[in-house]
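The values are calculated or read from the model by the stated rules, or taken from the named source; none is laboratory data. What you are looking at is a predicted structure, and each value in this text was computed from that prediction instead of being measured. Neighbour counts are summed over all protein chains in view; Cβ atoms, including those assigned to glycine, are modelled from backbone coordinates with ideal geometry. All accessible areas refer to the heavy atoms of the entire protein, side chains included, with ligands and DNA or RNA removed. Shrake-Rupley method; radii C 1.70, N 1.55, O 1.52, S 1.80 Å.
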Amino acid sequence: MLTKIENVPFTTTADSTVDFVALSNSTLKVRIAHTISQEVAAGFRAWPVWGLMGWDDIRQRYRRSVIGPFWITLSMGIFILVLGVIYSRLFHTELRTFLPYLTVGYVVWGFISAAANDSCIAFIDASRIIKQIKLPYSVYVLRVVWRNFIIFLHTIVIYIPMAIIFKIEPKLTMLYEIPGLLLVGVNLIWLTTVIAILSTRYRDILPIVGTVISLAMFATPIMWTIGALGDGKIIAEVNPVYHLIEIARAPLLGMHPEPLSWLVACGMAVVGSVFAIALMVRASRRIVFWL
């Protein structure tokens, strides 16, 4: 009799533990699938929403302006021209090779840095909308990337006169620009997601991101070439931003991007996307309370 009584709780507890673990795993899988569906995939399907929001941001920023966002093109063109003349002399580099290199690199860098900076307030700026209307959080992330991509399309126009003046002939290698920009966009989406979530939870992230971006500009081959480093090429190769810029810059200069740059960009896209989704799964229910 005593044996039967002792065995009953033991058997029940073991079964309950197994059931609880199975239930927990099942609940976690459901939550992950639900978050991916409602916060990530639904955001991409809602492209008319973030497309209009990003375009409206540009219109509001340059409201009552004569040439609108082309002010960015004009100011960046003047900046690149002055900087190109000065740095080509400092590095003893021919202007006809250095200026196109600087132009494309700086325009792509502007796209990356502006998206990273804007991502710090992606959810904070949209706090009124988030508190009133249920939209996928990825909508606000894609809004930031799309808005800065529009600005990128305005600034890349600078490359056209550079290519004409310095006689950069069209080549089939320039078609690599399409997958290159696509990879840059994918990496910016996961990076913007991560920064947006962290900066909403911890407001100190904003100045930290600003400082990192300022330092990264000088540590990345944008205003200087790898050839100027001599044996210090490793400095550029360990910099992930360099590889993102290179897969978008090299094709427009008529060159093949290095295989290492493709591998690094693809690896970052996969690993970063997984990390961003995991962070979204964990934080999606709390973001509205952090605002």
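Counting only protein heavy atoms and a 1.4 Å probe, segment 32-290 has 53 square angstrom of accessible area per residue. Only one residue of Trp55, Leu183, Val194 has its Cα farthest out toward the positive end of the dipole of the chain, where Lys and Arg carry +1 and Asp and Glu -1 on Cβ, and that residue is Trp55.
For Glu258, the solvent-accessible surface with a 1.4 Å probe is about 100 Å², rounded to the nearest 10.
Packing-based ranking of 163-174, 129-140, 107-118 yields 107-118, 129-140, 163-174, ordered from highest to lowest mean Cβ neighbour count within 10 Å. Estimated from helical segments only, the mean residue ellipticity of the chain at 222 nm is -24500 deg cm²/dmol, where each DSSP H run of four or more residues counts as -39500 (n - 2.57). Net charge dipole, the chain: roughly 940 debye, given to the nearest 20, about the Cα centre with Cβ charges of +1 for Lys and Arg and -1 for Asp and Glu. Within the full protein context, the accessible area of Asp204 is estimated at about 110 Å² for a probe radius of 1.4 Å.
Per-residue accessible area (protein heavy atoms, 1.4 Å probe) orders Cys120, Cys266 as Cys266, Cys120, starting from the largest.
Quick one: pull the percent of accessible area on the chain belonging to carbon and sulfur, 1.4 Å probe, ligands and nucleic acids left out. Here carbon and sulfur together make up 69 percent of the probe-accessible area. The dipole here belongs to segment 189-291: it is taken about the Cα centre, uses +1 on the Cβ of Lys and Arg and -1 on the Cβ of Asp and Glu, and is about 600 debye. Assuming charge only on the beta carbon of Lys and Arg (+1) and of Asp and Glu (-1), the dipole of segment 58-143 about its Cα centre is about 480 debye to the nearest 20.
Heavy-atom accessible area with a 1.4 Å probe sorts His92, His243, His34, largest first, into His92, His34, His243.
Look at the alpha carbon pairs under 8 Å that are at least 6 residues apart: their mean separation over the length of segment 32-290 gives a relative contact order of 29 percent. Among the helices of the chain, those built from whole DSSP H runs whose Cα atoms reach 24 Å or more along their own axis and whose mean Kyte-Doolittle hydropathy is at least 0.0 are 2-35, 70-90, 95-119, 137-155, 177-201, 259-283. Among Met223, Ser127, Ala276, whose Cα lies farthest out toward the positive end of the dipole of the chain, if unit charges sit on the beta carbon of Lys, Arg (+1) and Asp, Glu (-1)? Result: Ser127.
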